[in-house]
Amino acid sequence: MTSQYATFGLAPAMRAGGVLSKGAYQIHRDFLDFIVDGRPLLSRLADLDAVSPLAADLGPTIFTAQVRGLLLETEAPLPAGRRVLYGCPECVGLECGVVTAVIERDGPDVVWRDFAWQTDDTPDIYPDLGPYRFHGGQYRAELERLLALEAPAGRRVLLVGQRAAFLAKLAAALRTIGIGAEISRDAAAAHADELRGYGVVAFGRTVGPEERAAVRDAFAAAGSDAVFVAESTPIVPLLVARIEQALDRSPQEQRRLAGLRAEGGEAVLEVVARCGVRLPPPPPRLDRLGRPRTHDLFDGRLEPGIHRIPLDARVVRGDAFVVARTSSTVLVAPVGC
């Protein structure tokens, strides 16, 4: 067993949701990831699409129970003292596969060892992951800090505008993937406590400069850190992707996909750690009948570095956007003319 110490921490993370092709949806999940020696533990697991047990949508009772489990105050739920560190974002069921580890005390220290992938009671050990030894005091302080706070709440989105039918569709899509959304035309008059509950404010195209300024001022006076998004093209999947990008509060230095831009007929991606990247069929613009055009671009793994993906010539023309997705990040960039 290792005698060297690793540092332990927690940081906000996100499993990106979205409106996918053919009417499919992917659920959005906010959670806290484990930071070991300054690096997210999830990033060491081959771009696994998973969330930790410290998810924002669990409710206070279950969230507290998960924290107490990591503090070893409750019995391990799996044989041989194994505890779940990551599970399926959609169902968190064992049958979909979970990442587990033996978590135990060793004197004053806490050790995570024998990391494994499980779909039943038999673990399939990861040979190159861990073990990690943590100073017990630092480990407990980081987790006990969560018990002194309210359970984290999922970020909500405020939609401001007059186009009721479109905003209703956008709100329904956001709620379907697990993001709370409300529609308002009187946001500037709302109570400060209510405004602080929103992570993103999306303005419809009919909202004028004066009303936008009033809403921004109200949020600033409330001490809110909300991000403001302006509707550019009335296409629901595109607006959902832009809102997902705005909701991402994970530290920039811990993201695998760091940048996206479109230039010279190419999508330019900045990758800082090997990961699976998908440029889904983006809704770049509307055709003459008002229907969104979509084009498959790329789906594969990319190594660290700058990568250039050719864009379809039809995507390059007009008021177009390109969307890049990993399991934890969504980036949107305008293509332009």
Would you tally the net charge around Asp186, using a Cβ to Cβ cut-off of less than 12 Å, leaving Asp186 out, and scoring K and R as +1, D and E as -1?
-2
Peptides 28-34, 138-144: what's the order by average Cβ count within 10 Å, highest mean first?
28-34, 138-144
From the convex hull of the Cα coordinates of region 67-224, what is the mean projected area in square nanometres?
12.9
Residues with amide H under 5 Å from that of Gly180, placed H, sequence gap 5 or more
Val157
Just one of [x] 25.5; [y] 21.6; [z] 24.2 is Kirkwood radius over Cα pairs in Å as worked out from the coordinates here. Which one is it?
[y]
Karplus 3J(HN,Hα) series, Hz, for region 299-304 with 6.51 cos²θ - 1.76 cosθ + 1.60 (x for Gly, Pro)
7, x, 8, 10, 7, x
Give, in nm to one decimal, the length gained when the segment between Asp121 and Ala164 is fully stretched (0.36 nm per residue of separation minus the Cα-Cα distance).
10.4 nm
Under the helix-only model (-39500 (n - 2.57) for each DSSP H run of 4 or more, divided by the residues of the chain), the mean residue ellipticity at 222 nm, to 500 deg cm²/dmol, is -6000 deg cm²/dmol
Please determine, in degrees from 0 to 90 and to the nearest 10, the orientation of helix 60-70 with respect to the longest principal axis defined by the Cα atoms of the chain, where the helix direction is its Cα long axis.
40
Enter the Cα centre distance for the pair region 95-142 and region 205-268, rounded to the nearest angstrom.
37
Round to a whole number: what % of the accessible area of the chain belongs to carbon and sulfur, probe 1.4 Å?
51
Angle between the Cα long axis of helix 136-147 and the longest principal axis of the chain, 0 to 90 degrees, nearest 10?
40
Suppose all protein chains stay in the model; what accessible area per residue would a 1.4 Å probe give for the chain, in Å²?
46
For region 40-45, just list the computed ³J(HN,Hα) in residue order, Karplus coefficients 6.51, -1.76 and 1.60, θ = phi - 60°, integers in Hz, with x standing in for Gly and Pro.
x, 4, 4, 5, 8, 10
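The values are calculated or read from the model by the stated rules, or taken from the named source; none is laboratory data. This is a predicted model, so every value here is computed, not measured. For neighbour counting, all protein chains shown are included, and Cβ atoms are generated from backbone atoms with ideal geometry for every residue, glycine included. Surface areas here come from the heavy atoms of the whole protein model, side chains and all, with no ligands, DNA or RNA. Shrake-Rupley method; radii C 1.70, N 1.55, O 1.52, S 1.80 Å.
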